[in-house]
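The values are calculated or read from the model by the stated rules, or taken from the named source; none is laboratory data. Computed from a prediction, not measured in an experiment: that's the story for all the values here. Cβ placement follows ideal geometry from the backbone for every residue including glycine, while neighbour counts extend to all protein chains displayed.
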Amino acid sequence: MASSESDVKKAADLKLWLEGRIAQLREEIERLNETLGYVDSTLRASTFRPASEMMSETKEVPEMRDLKRDKGGDVIATATVTSDAVAIEPSGVVLKSTTPPFKSFLLGKILQGMKAKDEELVKAGKLPRGSELRFDVEESNGSIGKLIIENYREKARLNEVLSTVAWTFSRMLEK
């Protein structure tokens, strides 16, 4: 019985020590996260990007995504996605930039709208200058060669852009 009691006492002591150590480590993690947040905000205020973003650029491999026609599911474009830009190229289809709703809806309403929101954030000091959304259309003889969108910043925004482009290209193919 004596050895059993000493084992129980030892286990109880170890449990107390472990609980104390876990509490210390949690507190240290909280302080480290606060410090990281401070460093990132300081870098952003100086128009720099967080170190993690800069490091990812050197090792980043672009992700390729197929955009499919909403009727039939045929691939109509390929998107090359990086952490700060997406380049969308029509695949196996010819799309004229003059075909609605490309300019009026996609460029004018959606992308220009996102750009205007970003410019407001820059004016309000909530987004560093140069981080606002930019877009460009590369054309050849009036046909869309590539649509480039930079500084989409958020995954949700990227998904919105890709689904809107797929929808727009699908409508253009119907005309």
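Any chance you could count how many residues in the range 61-77 are among the acidic types (Asp, Glu) and over 23 Å from the mean Cα position of the chain (by Cα)?
Initially, the range 61-77 is screened for residues among the acidic types (Asp, Glu), giving 63, 66, 70, 74.
From what's left, over 23 Å from the mean Cα position of the chain (by Cα): 70, 74.
Qualifying residue count, the range 61-77: 2.
Filtered by the rule that a residue be more than 30 Å from Ser131 (Cα to Cα) and aromatic (Phe, Trp, Tyr), the range 8-44 gives a lone residue, Trp17.
Counting the residues of the range 76-102 that are surrounded by 15 or more Cβ atoms within 10 Å (Cβ to Cβ) and not in a loop (DSSP other than H, G, I, E, B) gives 13. When the range 114-152 is filtered for residues that are closer than 23 Å to Ile88 by Cβ and β-branched (Val, Ile, Thr), the ones remaining, listed by number, are Val137, Ile144, Ile148, Ile149.
So, Ser131, is that one farther than 30 Å from Ser41 by Cα and either surrounded by 13 or more Cβ atoms within 10 Å (Cβ to Cβ) or at pLDDT below 95 (or both) or not? When the stated conditions are applied, Ser131 does not pass them.
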